[in-house]
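Nothing in this text is a laboratory measurement; each read-out follows from the coordinates by a stated rule. As the structure is a prediction and not an experimental result, all values here were calculated from the model. Positions of Cβ are generated from backbone atoms using ideal geometry, with glycine treated the same way; all protein chains shown enter the neighbour counts.
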Amino acid sequence: MEKFWGNDTLSTQIKNELEKKIIPPCRLIVDSYGCGGLLFGLEIASDLLGREALNHPDFYISFPVIISDKTSADFIKDFRDYFASNPYCSLSEWAQNINLSKNKQTTIGKREVDLIHEKMFLKPYEGKNKVCLIWSPESLNIVAANKLLKLIEEPPNNTYFILVSEEPEQIIETIISRSNIIIIPPIKIEEMEEKLYKNGVKESNKIAIASSGSWRKALQLCKGSELTKNYEKLWITGLRIAFKCNVNKSSFISMLDWAEEVSKLNRDEQKDLIQTALEIFRSALLINYNSGSVVTYISQNNFELSKLAPFIHSSNALELVDALEKSRFEIKRNANSKILFSNLMIKISFLLNQKED
């Protein structure tokens with residue numbers, strides 16, 4: 001298994017706590033930057049169990065799966081294989097790997113928590129500890145979250161929970177309040193550049209800066225991730241349509257077609273698509289106000305941000321961000337994707353054609 005790196009002080013902190021036997025029953029690892037939260041969680045689990053966790057009988061890993069009566073146990077072989085090849089994977093990449101159908105999102109349901117409960121109350125097979133790692137606890141539905149809360153509040157003896165989250169604000173507050181929180185900071189640019197250079201990456205400095213401390217993003221830029229490339233392509237097409245709508249009302253048909261295409265993405269991919277737009281608009285705004293030197297965005301489709309920049313300004317930037325953030329929130333609430341993205345593009349079209357005061 002690949003080693004967690006870039007934040008050695010955290011690894012040292014955990015080992016010191018284990019030596020002093022200061023072990024909280026529930027840890028929440030916040031990995032907002034994509035810096036190996038899963039790897040770190042598995043490293044902690046392995047330390048608690050005395051050997052590699054993924055193949056240990058007293059270890060159970062829970063992760064989001066397709067909305068159905070399935071549990072993580074039904075996908076464990078797929079997960080192990082995929083994680084071995086992509087240990088910094090995002091939720092949308094995992095969803096694509098298990099062929100999540102369009103307009104759906106992965107979830108952790110009550111049946112999964114029932115299974116966790118069952119597993120954690122079994123007698124340990126080796127040693128004395130049992131460990132449950134939950135990837136993306138924000139994916140728990142409300143019934144499952146409340147059921148898990150009861151288990152965290154009154155765990156069996158020598159049972160430990162490790163939660164790995166990228167969006168902790170989406171977790172119910174009562175679970176957070178009962179967790180020992182560890183925040184993984186972004187990896188330093190110089191450390192990332194050095195690792196990229198050692199791995200033979202030619203533009204190591206450029207990629208390290210563009211990654212904003214995220215090793216996942218650095219890997220995506222190095223490999224030319226098809227997912228991220230496709231997100232940008234969709235926005236290039238969508239923005240062209242948005243500009244045309246101001247002068248040619250028949251372009252609204254094209255806008256609806258665009259929304260139809262986006263609605264075919266699964267929900268996790270749609271959320272990442274929104275994030276791509278936020279990065280594009282932020283970078284264009286910086287260029288417009290002569291701050292291009294701090295722009296870190298790297299286009300994978302030779303998209304010229306300088307051409308978009310004059311249209312992102314003080315009179316529309318905040319409203320654009322607000323529209324995108326609200327759309328991302330509605331995606332999580334299972335809003336109708338075609339209607340949502342149609343409305344979003346109408347709003348974006350109006351704002352892009354708005355003159356600066």
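Rounded to 0.05, the FRET efficiency of the I142 and N16 pair, given R0 = 30 Å and the Cβ-Cβ distance, is 0.25. Estimated purely from DSSP H runs of n ≥ 4, each contributing -39500 (n - 2.57), the mean residue ellipticity at 222 nm for the chain is -16000 deg cm²/dmol once divided by its residues. Centroid-to-centroid, using Cα positions, the range 291-357 and the range 1-42 are 36 Å apart.
The angle between the Cα long axis of helix 226-244 and the longest principal axis of the Cα atoms of the chain comes to about 30 degrees, rounded to the nearest 10. Were the residues from E325 through Q300 laid out at 0.36 nm apart, the gain over their Cα-Cα distance would be 6.7 nm.
The magnitude of the dipole of the range 300-357, with charges of +1 and -1 set on the Cβ of Lys/Arg and Asp/Glu and taken from the Cα centre, is near 320 debye. Spacing of the modelled spin labels on E52 and N290, each 7 Å from Cα toward Cβ, amounts to 5.7 nm. Among beta bridges identified by DSSP and lying wholly in the chain, the antiparallel ones come to about 5 percent. If both residues of a DSSP beta bridge must be in the range 8-183, then about 5% of such bridges are antiparallel. Rounded if a/c is under 1.5, else prolate if a/b is larger than b/c, else oblate: which is the range 2-155, with a ≥ b ≥ c the root eigenvalues of its Cα gyration tensor? Oblate. Charge tally for S211 (other residues, Cβ to Cβ under 10 Å; Lys, Arg +1; Asp, Glu -1): +2.
Extending 7 Å from the Cα toward the beta-carbon at both N230 and H313 defines two label points whose distance is 3.7 nm. Counting neighbouring beta carbons within 10 Å and listing from fewest to most, the residues W258, W235 come out as W258, W235. For R240 and I76, the FRET efficiency from 1/(1 + (r/R0)^6), where r spans their Cβ atoms and R0 equals 56 Å, is about 0.80. Under a cut-off of 16 Å between alpha-carbon atoms, report the aspartates and glutamates in cross-link reach of K195, not counting same-chain residues fewer than 8 places apart. Reachable aspartates and glutamates: E2, D8, E203. About its Cα centre, the chain has a charge dipole of approximately 480 debye under the convention of +1 per Lys or Arg Cβ and -1 per Asp or Glu Cβ, with nothing else charged. At an R0 of 25 angstrom, the distance between the Cβ atoms of K249 and N336 translates into a FRET efficiency of 0.60. Here the simple spin-label model places points 7 Å from the Cα toward Cβ, and for D357 and E167 these points are separated by 3.2 nm.
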